[in-house]
Each structure stands twice: as C-alpha cells, then as structure tokens.
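**Student:** Below you will find the structure I want to go over with you.
The values are calculated or read from the model by the stated rules, or taken from the named source; none is laboratory data. Remember, predicted model here, so these are calculated numbers, not experimental data. No Cβ is skipped: glycine too gets one built from the backbone with ideal geometry, and neighbour counts run over all protein chains shown.
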Amino acid sequence: MSLTETSTGLAPIPVTRLDQADPILLEQLLEVVGAVARKGAFTMGSELEAFESEFAAYCGSEHAVGVSSGTEAISLALRALEIGPGDEVIVPTNSFIATAEAVSWVGATPKLVDVDPDSHLLTAEAVAAAIGPRTRAIIPVHLMGSTVDLDAILDLAGEAGLRVIEDTAQAHGAYHRGRRVGSLGDVGCFSFYPTKNLGGWGDGGGIVTNDEELAARVKLLRSHGESPRYHHRIVGTTARLDALQAALLRVKLRHLDDRNADRRRLGAALRAGLAGTSVELPSPAFEGGDHVYHLFIVRSKQRDALRAHLEQHGVSSAVHYPFPIHRTEAYGPLPEGSLPVAERLAEEICTLPLFPTMSEDDVARVVAAVASFDSEE
C-alpha cells in the first residue's frame with residue numbers, strides 16, 4: 001500500500017532533520033559561510049582558534065583541538081598517549097565501528113566487551129573483567145546521548161594506571177553529575193558530523209582535555225608534526241578541522257543548550273507516550289544520568305514488523321546498529337554468542353524520529369503509529 005492509502009497523506013516524519021529545517025539558523029550559517037569565503041582563510045586561522053577556545057570553555061576543559069573527524073579525534077588521542085602496537089584498549093561492542101576502528105588504526109587491539117542490557121552502555125563490571133596485562137586504556141561511549149556511569153570506571157582506571165578516553169561523539173553538552181561529558185577522563189573525543197547534536201556541514205571532530213602536553217601533541221599530529229611552519233618535529237598527518245566548519249560550529253554552539261533542551265523535552269514526551277506500548281525503553285545508567293537524545297532508541301522483539309508498520313503510517317525509522325562491532329566482517333566476526341547482550345540488542349533496537357524542530361503533532365503521530373501496531377497484533 002502507498003503512504004496515502006494508509007495514512008492521512010501527511011509528509012513522512014524523518015528520523016532526523018538537518019539545518020535546512022530551521023530557516024533562522026540557516027540564514028545565520030549562510031552569513032558566516034560568506035564571511036569565511038570573502039576572507040579566503042579556509043585552513044587553520046582565527047575561526048578555528050576561536051572555536052577551540054569557545055568549545056573548551058563550554059565543556060569545562062582547559063584545552064580543545066579541532067580535527068578532521070570523530071574517528072581521527074580518537075586515533076590522535078591514542079597516538080598522543082603513545083598507545084599502539086602491543087597494547088589493548090577496552091571498547092564496548094555496542095557502538096559505531098569508529099570507536100574500535102581508531103584503536104586498530106594506531107596498531108593497538110580493541111578488547112571488545114559486552115554492555116548493560118538496560119542502559120545499553122559500558123559498565124565498570126565489564127571493564128574490571130576485561131583488564132589484562134596489556135590493557136592501556138578504556139573508551140567509555142556515551143551512546144545515543146546517554147551518559148555512562150563514569151565514576152567507578154575512573155576509579156578502576158586510576159587503580160590500574162589506565163587512560164580513559166571518553167567517546168562523546170553522540171553526547172555533546174550532556175552532563176555527568178554536574179560536569180560536561182568529555183571533561184572527566186584524560187581526553188574527550190567528539191564528532192561534528194552533520195547529524196550530531198553539534199554538527200557541521202561535513203566531516204569534523206575535536207578533543208577536549210585538561211592536559212596541556214596532550215593537547216599540544218594532538219595539535220602537532222593533526223598537521224604534519226609542524227611547528228613552526230616547515231619545522232616538522234614529529235611524524236604527523238593531515239587531520240585539521242577546516243576553518244569553514246569551525247565558523248559554522250561557533251554559530252551552532254551558541255544554540256546547543258537550547259537545542260538539547262528541546263531534545264530532552266521531546267525525549268520525555270516520547271517516553272511518556274510510549275510507556276504503555278509494547279516497545280521497551282532503555283534506562284539511565286545511573287540515577288540522575290543525563291540524556292541529550294542524539295537518537296531515540298526503543299526495543300521490540302518484532303522490530304522488523306514494527307518498522308514496516310511505521311513506514312506504512314508515515315513514520316521513518318532506522319537501526320543503530322544492525323551489527324555489534326564484534327560481529328562485523330572487519331572484526332572477525334567473532335562467533336555468535338560471544339557477547340550476547342549486544343547481539344540481542346542488534347536484533348531488537350529501533351531508532352524513532354527525534355530532532356529539535358519536531359512538533360507536538362509529530363510526537364503524537366509517532367506514539368499513535370506504535371500504539372496502532374500493538375492493536376493489530
């Protein structure tokens with residue numbers, strides 16, 4: 001059946017909408033694009049330096065360094081910490097592959113571990129069981145915008161002499177017991193991919209840290225180990241954040257708290273509306289845990305049938321992610337049943353629409369579509 005045959009004919013609700021959905025913001029962004037173009041300053045320079053200063057202050061960290069992607073943020077953080085061949089890094093298997101990929105890219109080995117079935121996040125218990133003689137670091141992932149319970153993980157890391165690299169690619173602006181995520185570990189790594197809560201108009205990323213030496217080393221690594229010009233002090237790479245992206249991100253950073261407030265409000269409305277339906281909702285990792293709803297995830301044992309029903313009713317959906325990292329071709333795959341919680345999640349999780357410009361009517365349509373699926377079962 002077509003959409004118009006199974007609904008009121010309203011336009012489908014997408015999983016997310018980008019900046020074109022906000023005409024006032026779009027005009028502000030186009031203005032800075034023009035300003036950068038007129039300057040002709042596209043690499044490094046004042047826009048990047050200003051964004052780094054503003055983002056560090058926002059995160060409550062001493063330093064921020066803009067780089068070319070969230071994956072490079074983790075890779076360069078690992079290299080700056082001198083983690084490489086022969087080392088192991090603990091990584092939750094329920095994450096985007098970039099978390100493990102960055103570890104592999106520097107020659108280290110990702111030690112993939114399972115996650116909590118309720119929060120879908122890494123726990124201190126899983127970390128403790130995975131620490132071995134070659135473990136050098138832990139990468140907790142604040143997945144989908146939900147904050148990992150870091151206190152016990154940080155305690156474990158301190159006792160074992162391990163580094164903590166927060167993967168904050170999906171949790172810009174979220175709080176952990178009063179502090180911004182990214183500012184609690186040795187380094188926080190962000191992605192500024194367009195769909196993120198703080199997203200540019202292309203690839204981009206950054207790190208935040210209170211370690212001046214670490215920040216300086218990432219700055220060297222991102223630009224051929226060069227300081228000053230043509231003085232190459234170490235072997236680096238090309239992983240700079242473009243000035244154009246930095247200028248766009250400066251504008252969007254000023255709106256981030258308001259946009260996250262919208263996401264929290266919409267997330268709460270969806271949770272309330274779906275509470276009596278068949279879908280299961282993930283729980284916070286700890287009492288008072290924050291969620292900035294980069295994505296809104298539910299679970300259903302009839303996930304594929306639910307998605308087909310939603311599509312018929314003009315509600316888009318997605319799966320983040322259909323394979324845990326250990327079951328991808330890139331990582332073996334490890335045998336089925338190796339990390340059962342994440343494998344079960346991959347079979348049941350479904351991403352429903354949530355974006356800051358979503359209307360109350362959109363929320364009601366999503367809830368009604370899920371409820372009508374239950375009534376047909």
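**Student:** Starting from the range 298-317, keep only residues that are at positive phi, then list their pairs with residues that are in a loop (DSSP other than H, G, I, E, B) and of a type outside the set (S, T, N, Q) whose Cβ atoms are within a distance under 6 Å, requiring at least 6 positions of separation or different chains.
**Tutor:** Going by the 6 Å Cβ cut-off, the qualifying pairs are Gly314/Leu10; Gly314/Pro12.
**Student:** Shifting gears a bit: So Pro85 passes all but one of these: (1) in the same structural domain as Gly200 (by TED's automatic domain parsing); (2) surrounded by 14 or more Cβ atoms within 10 Å (Cβ to Cβ); (3) of a type outside the set (Phe, Trp, Tyr); (4) assigned to a loop (DSSP other than H, G, I, E, B). Which condition number does it fail?
**Tutor:** Pro85 satisfies all of (1) in the same structural domain as Gly200 (by TED's automatic domain parsing); (2) surrounded by 14 or more Cβ atoms within 10 Å (Cβ to Cβ); (3) of a type outside the set (Phe, Trp, Tyr); (4) assigned to a loop (DSSP other than H, G, I, E, B) except (2).
**Student:** Quick one: in the range 8-29, of everything that is surrounded by 13 or more Cβ atoms within 10 Å (Cβ to Cβ) and of a type in the set (A, V, I, L, M, F, W, C), which residue is farthest from Val315 (Cα to Cα)?
**Tutor:** Narrowing the range 8-29 to residues surrounded by 13 or more Cβ atoms within 10 Å (Cβ to Cβ): 10, 12-19, 21-22, 25-26, 28-29.
Remaining after also requiring of a type in the set (A, V, I, L, M, F, W, C): 10, 13, 15, 18, 21, 25-26, 29.
Numbers: Leu10: 10, Ile13: 5, Val15: 8, Leu18: 17, Ala21: 17, Leu25: 25, Leu26: 25, Leu29: 29 Å.
Ranking the candidates gives Leu29 first.
Matching residues to (1) free of Cβ contacts under 8 Å to residues at least 24 places away in the same chain; (2) part of a strand (DSSP E or B); (3) surrounded by fewer than 20 Cβ atoms within 10 Å (Cβ to Cβ); (4) touching a Leu at 6+ places or on another chain (Cβ under 9 Å):
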| site | (1), (2), (3), (4) |
| --- | --- |
| Gly158 | yes, no, yes, no |
| Phe190 | no, yes, no, yes |
| Pro194 | no, no, yes, yes |
| Gly199 | no, no, no, yes |
| Gly202 | no, no, yes, yes |
| Ile207 | no, yes, no, yes |
| Glu213 | yes, no, yes, no |
| Arg217 | no, no, no, yes |
| Arg229 | yes, no, yes, no |
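**Student:** Any residue at all in the range 36-58 that is crowded, with 24+ Cβ neighbours inside 10 Å, among the polar types (S, T, N, Q) and in contact with an Asp or Glu (Cβ under 8 Å, 6 or more places away or on another chain)?
**Tutor:** So far as the range 36-58 goes, no, none of its residues is crowded, with 24+ Cβ neighbours inside 10 Å, among the polar types (S, T, N, Q) and in contact with an Asp or Glu (Cβ under 8 Å, 6 or more places away or on another chain).
**Student:** Check Gly204, Gly185, Gly273 and return the single one that is at pLDDT 95 or above, within 17 Å of Ser61 (Cα to Cα) and of a type outside the set (Lys, Arg).
**Tutor:** Values: Gly204 fails: within 17 Å of Ser61 (Cα to Cα); Gly273 fails: within 17 Å of Ser61 (Cα to Cα).
Answer to the check: Gly185.
**Student:** For the range 3-16, name all the residues that are in contact with a Pro (Cβ under 8 Å, 6 or more places away or on another chain) and either under 24 Å from Asp242 (Cα atoms) or at pLDDT 85 or above (or both). If you could, list the steps in order and put the result at the bottom.
**Tutor:** If we filter the range 3-16 for residues that are in contact with a Pro (Cβ under 8 Å, 6 or more places away or on another chain), which is where we start, we get 3, 13-16.
Selection gives Ile13, Pro14, Val15, Thr16.
Yes or no, residue by residue, for (1) in contact with a Gly (Cβ under 7 Å, 6 or more places away or on another chain); (2) among the charged types (D, E, K, R); (3) closer than 20 Å to Ile74 by Cα; (4) surrounded by fewer than 22 Cβ atoms within 10 Å (Cβ to Cβ):
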residue	(1), (2), (3), (4)
Asp116	no, yes, no, yes
Leu122	no, no, yes, no
Glu125	no, yes, no, yes
Ala129	no, no, no, yes
Ala137	no, no, yes, no
Gly145	no, no, yes, no
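**Student:** Quick one: how many residues across the range 88-124 are assigned to a helix (DSSP H, G or I) and within 18 Å of the chain's Cα centre (by Cα)? So that I can check it myself, show each step before the final result.
**Tutor:** Restricting attention to the range 88-124, the residues satisfying the condition of being assigned to a helix (DSSP H, G or I) are 98-105, 124.
After this cut, where a residue has to be within 18 Å of the chain's Cα centre (by Cα) as well, the list is 98-103.
Residues that pass the stated criteria total 6.
**Student:** Still on this structure, I have one more. Would you mind stating whether Ser191 is more than 30 Å from Pro353 (Cα to Cα) and among the small types (Gly, Ala, Ser)? Steps first, please.
**Tutor:** On the way: more than 30 Å from Pro353 (Cα to Cα): no; among the small types (Gly, Ala, Ser): yes.
For Ser191, the condition - more than 30 Å from Pro353 (Cα to Cα) and among the small types (Gly, Ala, Ser) - is not met.
**Student:** Can you tell me how many residues in the range 56-95 are touching a Ser or Thr at 6+ places or on another chain (Cβ under 6 Å) and more than 30 Å from Leu339 (Cβ to Cβ)? If you could, list the steps in order and put the result at the bottom.
**Tutor:** Pass one, the range 56-95, residues touching a Ser or Thr at 6+ places or on another chain (Cβ under 6 Å): 59-61, 63, 70, 88, 91.
Filter once more, so that each one left must be more than 30 Å from Leu339 (Cβ to Cβ): 59-61, 63.
Residues in the range 56-95 being touching a Ser or Thr at 6+ places or on another chain (Cβ under 6 Å) and more than 30 Å from Leu339 (Cβ to Cβ): 4 in total.
**Student:** For the range 58-77, what are the residues that are assigned to a helix (DSSP H, G or I) and aliphatic (A, V, I, L, M)? Reasoning before the result, please.
**Tutor:** First, the residues of the range 58-77 that are assigned to a helix (DSSP H, G or I): 58-59, 70-77.
Passing the criteria: Ala73, Ile74, Leu76, Ala77.
**Student:** Restricting the range 167-180 to residues that are in contact (Cβ under 8 Å) with a residue 60 or more places away in the chain and assigned to a loop (DSSP other than H, G, I, E, B), which is surrounded by the most Cβ atoms within 10 Å (Cβ to Cβ)? Don't jump to the end; show me each part of the working.
**Tutor:** We begin by selecting, within the range 167-180, every residue in contact (Cβ under 8 Å) with a residue 60 or more places away in the chain; these are 167, 169-177, 179-180.
After this cut, where a residue has to be assigned to a loop (DSSP other than H, G, I, E, B) as well, the list is 169-174, 177.
Numbers: Ala169: 29, Gln170: 27, Ala171: 31, His172: 29, Gly173: 22, Ala174: 23, Arg177: 13.
Here the residue is Ala171.
**Student:** Being assigned by TED's automatic domain parsing to the domain that holds His172, part of a loop (DSSP other than H, G, I, E, B) and either closer than 30 Å to Ala369 by Cα or touching an Asp or Glu at 6+ places or on another chain (Cβ under 8 Å) (or both) is the requirement here; does Gly236 meet it? Step through it out loud before you land on a result.
**Tutor:** Numbers: assigned by TED's automatic domain parsing to the domain that holds His172: yes; part of a loop (DSSP other than H, G, I, E, B): yes; either closer than 30 Å to Ala369 by Cα or touching an Asp or Glu at 6+ places or on another chain (Cβ under 8 Å) (or both): yes.
So Gly236 passes the test.
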